[in-house]
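One structure below.
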Amino acid sequence: MRGRAGVVAVLAVLLLVVAGCSGAGPARDAERPLVLTTFTVLADIARNVAGEHLQVESITKVGAEIHGYEPTPGDIRKAAEADLIVDNGLNLELWFGRFVSELSVPHVVVSDGVEVIDISEDAYAGKPNPHAWMSPDNVARYVDNMVAAFSNLDPANTDAFRANAETYKAQLRTVHDELVTALAAVPATQRALVTCEGAFSYLARDAGLTERYIWAVNAEQQATPQQVASTIAFVSENRVPAVFCESTVSDSAMRQVVAATGTRFGGILYVDSLSEPGGPVPTYLDLIRHDTRTIIAGLTGSAA
Ligand SMILES: [Zn+2]
């Protein structure tokens, strides 16, 4: 009996694997409304609100450069079947306006209502910094906007979405408190967060860190000699103990800063994408915890 049950279990797993591998992405689930998000971080947050009631998928894959993404014909075909598209807004998805104009699918901008920080430098000065999800407090607003949109889409499950949102918002408060408490322990002389992209304004505000970056927004993907020189000057003058770069961009410019100043390369931070499920940041809450640990370890010279 046990052997036969084992064979059945193995067959069931094989069927699941085959189903998961067929075609591009998971099959359309006929039972549940399909919600597409523009990137993986939003998909994880949306799944926490949707529970089992909606099918949530990300248009861009793990590790994708999301600012200057070029949607494929397959993305457009898939999005045409969606019941709702979730985007961040604040000019994050530069490709998005053109993308949705080809579709007749409703969309919700989940950053609506957050307290925006403007970019202070470069060609983007005065424009909103799009990375508002890097503050867990802001994500609570994202969650409220998702509850409203999901309830419109699937009114019968409104109570479930609200209950899921309350549970998740409690976890957001916990991770926010952990971040603030842990980073408060970094000595005043070491409280600078130097990264490739200026993606950490919201986290730096919450944690009371001075933020500095090589370029404001991933777009050209190319650090200019002036940007690199100015970062080198800042790191040298302030004796910044460590610098960081993000998972979705090349760290070569930051390696130049390390070579020129003798500072430490503190490691890879996640912001615009989660990792694969088996990687260091399979969820948004993991992302904030991972970045907090990496920043502290880099700035204080302790083990992550
Ligand atoms: Zn970014």
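Phi angles across the stretch 79-87 convert, under the Karplus curve 6.51 cos²θ - 1.76 cosθ + 1.60 with θ = phi - 60°, into 3J(HN,Hα) values of 5, 5, 8, 6, 9, 7, 10, 10, 10 Hz, Gly and Pro given as x. R0 = 45 Å: FRET efficiency of VAL105 with GLN222, Cβ-based, nearest 0.05? The computed FRET efficiency comes out at 0.85. By DSSP, the beta bridges lying fully in the chain are antiparallel in about 5 percent of cases.
Is the C-alpha gyration tensor of the stretch 44-84 telling us rounded, prolate or oblate? Criteria: a/c under 1.5 is rounded; beyond that, a/b larger than b/c is prolate, otherwise oblate.
Working: a/c = 3.17, a/b = 1.42, b/c = 2.23.
Verdict is oblate for the stretch 44-84.
What value, in deg cm²/dmol to 500, does the helix sum -39500 (n - 2.57) over DSSP H runs of n ≥ 4 give at 222 nm once divided by the residues of the chain? Mind dumping the intermediate values first?
Numbers: 10 runs with 137 residues, N = 304.
It lands at -14500 deg cm²/dmol.
For LYS127, the lysines whose Cα comes closer than 29 Å to its Cα, not counting residues fewer than 8 places off in the same chain, are LYS61, LYS169.
Would you mind putting 285-293, 35-43, 113-121 in packing order, based on average other-beta-carbon counts within 10 Å, highest first? Show your work: numbers first, answer last.
Numbers: 285-293: 20.4, 35-43: 25.9, 113-121: 14.9.
Ranked by mean Cβ neighbours within 10 Å, highest first: 35-43, 285-293, 113-121.
Contact order, relative form, for the stretch 166-267: 24 percent (alpha carbon pairs under 8 Å, 6 or more residues apart, mean separation divided by residue count).
For SER236 and LEU94, what is the calculated FRET efficiency with R₀ set at 35 Å and r taken between the beta-carbons, to the nearest 0.05? Numbers along the way, then the final one.
Working: r = 34 Å, r/R0 = 0.97.
FRET efficiency, SER236 to LEU94: 0.55.
Once C-alpha pairs closer than 8 Å and six or more residues apart are averaged by separation and normalised to the residue number of the stretch 182-230, the relative contact order reads 34 percent.
Taking R0 as 25 Å, what FRET efficiency do you get between GLN171 and ALA125 from their Cβ-Cβ distance, rounded to the nearest 0.05? Walk me through the numbers on the way to the answer.
Values: r = 35 Å, r/R0 = 1.40.
That pair, GLN171 with ALA125, gives E of 0.10.
Divided by 2.2 N^0.38 Å, where N counts the residues, the Cα radius of gyration of the chain comes to 1.08.
Taking every C-alpha pair closer than 8 Å and separated by at least 6 residues, the mean separation divided by the residue count of the chain gives a relative contact order of 16 percent.
Under the simplified labelling scheme, the THR189-ASP83 pair shows an inter-label distance of 5.9 nm, with each label point 7 Å from Cα along Cα→Cβ. Over the chain, with a Gaussian network built from C-alpha contacts below 10 Å, which listed residue (ARG191, ARG77, ARG264) shows the highest mean-square fluctuation? Comparing ARG191, ARG77, ARG264 in a Gaussian network model of the chain, the most mobile one is ARG77.
Take the Cα of ARG255, step 7 Å toward its Cβ, do the same at GLU115, and the gap between the two points is 4.0 nm.
Any read-out appearing in this document is the output of simple, stated calculations on the displayed coordinates, not a laboratory observation. For clarity, every value in this text was computed on a predicted model and none was experimentally measured. A quick note on method: Cβ atoms are made from the backbone with ideal geometry, for glycine too, and the neighbour counts reach across all protein chains shown.
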